[in-house]
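Structure, as structure tokens:
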Amino acid sequence: MNRTMALLRILVLLALATAAFGSESFTLNIPLRFNAQQETGEVRITLTLSAPPAGAQLVVGGSTTLNLGATQSVGGDSVTFATVSGNDVRITYRPLSNFGADFCAGAGATEKNVAMRFSGAQDVTDYRVSTYIVAAPMAECSAVSKHTGDSPATLVPVDDGVAPALIATDRGRHPFDVVLVLDKSGSMSGFPPGAISGASKADILKSAVQAFVAGWREIDQPPGTGQEWSHDRIGTVFFDHAVAPQVLAGADPPANFFVQRGSGIPGPWQSVINNVSTLTPGGATSIGGGINEGMKQWKDDPAHDLNLIVVTDGMQNTAPLVQPTGTGFLGLLPVSGLPQELRQRFIPIQTIGFGEPAAVDEELLRNISFETSGMSYIAINATTMYDIFANTLVAILKGNTASLATRFHGSLSGKGPGALESVLVDRSAQRVVFSVQWAPPLRNALDLEVFPPGAATPAAPSSAEKTAQAAFQTFNLRDGDVGTWRVRVKRGSNATAEAVPYTLNILFRERHLDYRLSFDQIHAATGDRLGIRAVVAWDGKPLAGLPDGAIRARITRPSNALGTLLHDTRVADKVTGPTKTPSGDVQTPYGRKIAALARSGALKRLAPKEVATITLKEETKGVYSGTLDDTSIPGSYTFDTLLDWDDTRTGHLHREEQLDQYVKVKADASKTEIKTTRPAPRTVSISVTPRDRYGNYLGPGHVVTATLGSPGKLTGPTDRPLTGTYVFTVTGVPAGETPKLTIKVDGVDMSF
């Protein structure tokens, strides 16, 4: 009897213990992306528990148990189970068995379905899942860091026979951190190219950033299904010759740098808008300092994945400088434990050059972005600045996912309203945001009227907001809202009689569709083929077999080479070194020459022109690619890409996206001119005028070196007229001899 009672007591205790110990199961599905260089390399799952996670465990594959803080190998893959903060735990799964030497070697990858079971004295109340791939396959493959939304990993609740299926709220992606790194150098007080009055570049920048913040609040509102991103954060750094991290009202202590989105509109992010309005130009340009300061602030408080948005109107002229390292990739003075090379910091940097393209170090900005998996654009005026900030917002939120449906440029004159514009809203869109923006100083000058399909009167938006130079209307869509919508611009509350140029953007928050566009290489030169690739997914699966012509790109490039223009033009400038402008910025001799060419109108010879339209063909499941062969002119190549098809799986879809690729000019030994003269006894002058295979002159500013392999003393090079003819001088040359030089231009041997 005593034995029986003891056994019953043990069984009761076990039953009570089991009842107090939660257990929920699910399957982690990692689909194939059909891109060997960008197969999923990491999945992060955050589980929010009903109580602190002490004693929690994770069972993987039915047999491997991980305690908190443990990392184990399961079937050749790596699994980590760790605490995060509060009641959160993090599962980090790396499918290492899908890769070879690095995360770009995924040709043998297979789909993964990994059984997982959470066990603990807690319930799982919420979860988030984010999928990561290699950010810039052409630059760095040692780690994954790019959050992606196309073909993502998913968490599937399932009863595994031991524990019931997970019951918890899907909170969507993990939050983002964004740092706005904004140029306030003296030149930002000037006008955009072609303007002699109106808004300064600084005023346009402030207006565009304010609209960017408001646009993010609108397009990325929680969809009402449990997902929320109230912890997204924005921080701001101003830079000229020095850097100034901004203290924001309501920001996270102790640094008060990052401010969380919070809930509601306008919410705490209004302090970002208020702060940006205080930007005042004055000083030189430290792009590297701004980048380092933004990353330093994040390293002090690294809550979420980081993106930097860097806006500048000039060229760096103050240390620390962003410049090539020994590997050829860009580097910057290490900061806060981050390495020298930007690509190995695994932080995407979006760059925007504002102003005259020739006056911006376009090649530097493009390489910064492409080596870190950011996007890079050049903005000429207010209209293009607004367009580009919309593109940048889409790039950051792609994994969420957002896209540009279409845009219109116009000018409202008279009393208005303007003409109705048609917008196709398809069944993939779950939210549509209409925004109109115009240049300062006009405030509240314009507004919108939006008509759903078949409506004769404007509809009331789900939400709306306004900044000084923008108006937004957001519509959460129902099944019956698919069709052709119409929108028109009208006068705002502060109506003016003058004509108001505007840009009208229509953004979608996607339900089913996701796509990514990218280039095949990052350091392109004249003569190289430019390959563009589109990865298209529908409901997380590759969308194969789209109709012919479904994806095409219209390509523009400069009419002429900047180096040739600089070679052919001499500007009277007796000053040999940098000077300080009245606005406080530093202007180099090169900058003064560019400014002189802009005043004379000569830079119009570089105006972009359309050169081709290419169609992307399917190369593998859901991956479409196309190639431009003619890259005979250096400079910025803009791919205005149109995704437009009618397919039984998706219906009729229309999306637009812009990608820019910088093509540098590459010296060719057979075209480069090398001349020798003897200006004095025992003195030889060697002039080097580099050209590429097409005859384009490289112009000034390139790295031209020489090594002397014979007696004498070598000095130079000099290029005082800034025409791109580099002059070396050898003194002490023995009578009757010719000096032997090895000359390299940007590392290319000229074999002299």
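No value in this document is a laboratory result; all are computed from the given coordinates. For clarity, every value in this text was computed on a predicted model and none was experimentally measured. Note that each Cβ is placed from the backbone with ideal geometry, even for glycine, and that neighbours are counted across all protein chains shown.
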Exercise. Counting only residues 5 or more places away or on other chains, whose amide H sits under 5 Å from the amide H of Leu477 once H atoms are built in the peptide plane?
Worked result: Arg431, Val432
Exercise. Mind checking the log10 I(q)/I(0) for the stretch 673-749 at q = 0.14, 0.25 Å⁻¹? Debye, one equal scatterer per Cα, no solvent, two decimals.
Worked result: -0.44, -1.18
Exercise. Hey, with R₀ at 41 Å, roughly what FRET efficiency would Gln323 and Ala572 work out to, going by the Cβ-Cβ distance, to 0.05?
Worked result: 0.85
For this session: May I ask which of Lys713/Lys740; Lys206/Lys296; Lys112/Lys541 have a Cα-Cα span longer than 19 Å here?
Result: Lys206/Lys296
Problem set entry | the stretch 604-624 and the stretch 291-312: distance between their alpha carbon centers, rounded to Å | 33
Problem set entry | Helix-only [θ]222 nm of the chain, DSSP H runs n ≥ 4, -39500 (n - 2.57) each, per residue, nearest 500 | -4500 deg cm²/dmol
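Only bridges whose two residues both fall in the stretch 183-396 count here: according to DSSP, what percent of them are antiparallel, nearest 5?
Roughly 45 percent of the DSSP beta bridges within the stretch 183-396 come out antiparallel.
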For this session: Give, as a single signed number, the net charge of other residues whose beta carbon lies under 15 Å from the beta carbon of Glu656, with Lys and Arg counted +1 and Asp and Glu -1.
Result: -2
Seminar exercise, completed: Quick calc: nm separation of the 7 Å Cα→Cβ label points for Ala735 and Arg486 -> 9.3
Exercise. If the cut-off is 12 Å between C-alpha atoms, which aspartates and glutamates fall inside it for Lys666, apart from same-chain ones fewer than 8 positions away?
Worked result: Asp528, Asp692, Asp746, Asp749
Exercise. Let a ≥ b ≥ c be the square roots of the eigenvalues of the Cα gyration tensor of the stretch 408-493; is it rounded (a/c under 1.5), or, if not, prolate (a/b larger than b/c) or oblate?
Worked result: prolate
Problem set entry | Extension gain (nm, one decimal) between Ser685 and Asp159, 0.36 nm per residue minus Cα-Cα | 181.1 nm
Exercise. Taking N as the number of residues in the chain, what is its Cα Rg relative to 2.2 N^0.38 Å?
Worked result: 1.07
Problem set entry | Protection-proxy order for peptides 232-243, 483-494, 155-166, each taking the mean of Cβ atoms within 10 Å per residue, highest first | 232-243, 483-494, 155-166
For this session: Using Cα centres only, tell me the gap between the stretch 490-517 and the stretch 384-432 in whole Å.
Result: 5
For this session: Run a plain Debye calculation on the stretch 22-170 (Cα atoms as equal point scatterers, no solvent) and give log10 I(q)/I(0) at q = 0.11, 0.15 Å⁻¹, rounded to two decimals, same order as the q list.
Result: -0.40, -0.73
Exercise. What FRET efficiency comes out for the pair Asn29/Glu673, r = Cβ-Cβ distance, R0 = 56 Å, nearest 0.05?
Worked result: 0.35
Problem set entry | For the stretch 684-712 and the stretch 626-680, distance of Cα centres in Å | 25
Seminar exercise, completed: Between Leu96 and Gln340, the FRET efficiency computed from the C-beta separation at R0 = 25 Å comes out, to the nearest 0.05, as 0.40
For this session: Order the peptides 506-512, 191-197 from the highest to the lowest mean number of other Cβ atoms within 10 Å of their residues.
Result: 506-512, 191-197
For this session: List Met385, Met138, Met315 from most exposed to least, where exposure is judged by having the fewest other Cβ atoms within 10 Å.
Result: Met138, Met315, Met385
Problem set entry | Cut-off 19 Å (backbone N to label point 7 Å along Cα→Cβ of Lys617), residues of the stretch 522-542 | 529-536
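Quick check: residue separation of Thr588 and Asp749 times 0.36 nm, minus the Cα distance between them. What number comes out in nm?
55.1 nm
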For this session: Have a look at the DSSP beta bridges in the chain and tell me what percent are antiparallel, nearest 5.
Result: 85
